[in-house]
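Data first, discussion second: the structure below is written as structure tokens.
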Amino acid sequence: MHVAGRIEDYALIGDMQTAALVSRDGSADWLCLPRFDSHAIFAGLLGTEEHGFWRLGPAHPTGSSPPPATRRRYRGESLILESEWDTPRGTVRVTDFMPPRGNHAPQLVRIIEGVSGRVPMRSTLRMRFSYGWVVPWVHKVDGRTVAVAGPDSVWLDADVDTYGEDLTTYSDFTVQPGDRIAMALSWQASHREPPPVTDAAEALQITEDFWSDWVGHCTYHGPYREAVVRSLITLKALTYAPTGGIVAAPTTSLPEAIGGQRNWDYRFTWLRDAAITLSSLLRTGYVEEARAWREWLLRAVAGDPENLQIMYGIAGERELGEAELSWLPGYENSTPVRVGNGAAGQLQLDVYGEVTEALYLAHKTGLTRNDYAQILQLKLIGYLEEHWDEPDEGIWEVRGPRRHFVHSKVMAWTAVDRTVKLIESGDVDGPLERWKELRERIHRDVCEKGYDRQRNTFTQYYGSEELDASLLLIPQMGFLPPDDKRVIGTVEAVQRELSTPDGFVMRYPTSGDQENIDGLEGEEGAFLACSFWLADDLAMIGRVEEARKLFEKLLALRNDLGLLAEEWDSGNQRQVGNFPQAFSHVPMIDSALRLTTSGAYGV
């Protein structure tokens, strides 16, 4: 019997349009087809075997747990997963990948190779459409196995015989040195012609060549290149190639606390996450991805910046209605399982700052001028001019009352500041003096109302005594210089009051009166992005060796393949939250770049 593994037990494979998670025991437990935000055909990650999976590995006795791979790795700097099992009868290797799709059918390809001895193998494929709700009609067509339900069809091509039993498709075979057996799963709209049979060897070569060429554009060659490149590959895998939209994560409802209710759908494009991703890509040589995201942004926002959403669908969709899937018991019984995201309708003023910062950086790093991007930036500031002093839900999408969050005001200042700089450089035209005065007014307001003089720290929102890790971005945005006593006091206060026993950073307190802030019960893990922000700030205020030690401690939290979820559960020493998470990998790249240039590594 297979059960979902720990979150860090999973590997990511993908084709830049969707992604699969493959566990150590060779089970693909999560796959949405044909897009990241489509219904899952494997939802075992959020339920049981009955909700869909595809396990491929050495045969094992019925009723026993399948053995985990003895070792696994990505092939070089790619998204091609290689898992090897040493068994009493020999060694076998399974290579899993999804070829970059282009205009072809999405495919999950699995190649089995004998390494030594004779190893009995079993493939167990249980397809369940609509997140495990629908059992498809499975039958044979011209020797191919096809599963059909409503608008979807999935085709299995295999170099070995398959048979059906108990609404599951099996294959039993033995491999020895020199054997190379391929199995491929392809999706196609059920009303269309069948997808072509996969040439596994050709698909593997295409995939390997793609990643080799893509990684070759990376301009970072510092001491943590391995970690940076793996994060960049992960961010590329989270990019929806047809539009340039970037999903926050390829999963939904992986809990922020095991057994809790903080379970959200992250298969959408948050402006905040995508903007900071663009920043990291630009600074590591990936201009084309930045251009594609900018074009996505302009299409999504269109002519309506006054109604800017905090997130959109991967093609720019605005309607992301939230629903609960009652038939799924959730990852380790963490309910509810949600699809869609009701936070799309929130007011979060900080996104204006993140988007403007990204557009500013794109312009300053030589991205080809786009006149509408400049017009959009001016319109965003025009909106902020009228609304910056309103309360909002803030960076963490709280579901409690709106507040005057300090971070939101700081990012409003950032938006105005970057636009003023563009006007001063002569790159755009705008009311320079009026917006310089606006910049000063916002700055004065934050320093007067968001700063606790007695404790020498900025606070979560105006009038609050609580802290918030987003305050760590104050020096990084240039709102105040790193050597300002208020910055140093805030960094030290966050480190003192929001740190876990093992030295990582919580977003904000979630107990006591603070429950009214986010409108939710229960705890959550340490937020990895915030922990990287602390490393950045420590370096900025001169505590470089301490910053380096924290950064390397954070790197040690990655799984064996270099992947990070959203949060870290210090009590249970495990990753939690959606996985892998762009908002963790981006600040990891940023910290590596900052610490490299600060001399923290002696370079």
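The values are calculated or read from the model by the stated rules, or taken from the named source; none is laboratory data. Treat the numbers as computed from the prediction; the structure is a model and nothing was measured. Heads up, the Cβs are rebuilt from the backbone with ideal geometry, glycines too, and the neighbour counts pull from every protein chain shown.
A compact table of results
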| quantity | calculated |
| --- | --- |
| Only listed residue being closer than 17 Å to Leu367 by Cβ and out of contact with any Phe, Trp or Tyr (no Cβ under 9 Å at 6 or more places or on another chain), chosen from Ala292, Ala241 | Ala292 |
| The stretch 361-393, residues that are surrounded by 14 or more Cβ atoms within 10 Å (Cβ to Cβ), part of a helix (DSSP H, G or I) and acidic (Asp, Glu) | Glu385 |
| Subset of the stretch 331-359 (residues that are crowded, with 21+ Cβ neighbours inside 10 Å and in a loop (DSSP other than H, G, I, E, B)) | Ser334, Val337, Asn341, Gln348, Leu349 |
| Scan of the stretch 561-600 for residues that are surrounded by fewer than 21 Cβ atoms within 10 Å (Cβ to Cβ), in contact with a strand residue (DSSP E or B) (Cβ under 7 Å, 6 or more places away or on another chain) and among the charged types (D, E, K, R), ordered by number | none |
| Among the candidates Glu226, Glu306, Glu288, Glu295, residue that is part of a helix (DSSP H, G or I), acidic (Asp, Glu), modelled with pLDDT of 95 or more and surrounded by fewer than 20 Cβ atoms within 10 Å (Cβ to Cβ) | Glu226 |
| Condition check for Thr162: more than 20 Å from Val109 (Cβ to Cβ), without any contact (Cβ under 8 Å) to a residue 60 or more places away in the chain and surrounded by fewer than 22 Cβ atoms within 10 Å (Cβ to Cβ) | no |
| Considering residues of the stretch 469-496 that are in contact with a Lys or Arg (Cβ under 7 Å, 6 or more places away or on another chain) and closer than 22 Å to Val398 by Cβ only, the residue surrounded by the most Cβ atoms within 10 Å (Cβ to Cβ) | Ala469 |
| Close pairs from the stretch 63-75: first within 17 Å of Phe97 (Cβ to Cβ), partner of a type in the set (S, T, N, Q), Cβ under 8 Å, at least 6 apart | Ala69/Ser83; Arg72/Ser83; Arg75/Thr95 |
| Sole exception among (1) farther than 18 Å from Asp560 by Cβ; (2) assigned to a strand (DSSP E or B) for His60, by number | (2) |
| Selection count where residues are in a helix (DSSP H, G or I), polar (S, T, N, Q) and out of contact with any Asp or Glu (no Cβ under 7 Å at 6 or more places or on another chain), scope the stretch 476-511 | 2 |
| Arg180 being touching a Leu at 6+ places or on another chain (Cβ under 9 Å), closer than 29 Å to Gly102 by Cβ, in the same structural domain as Ala20 (by TED's automatic domain parsing) and charged (D, E, K, R) | no |
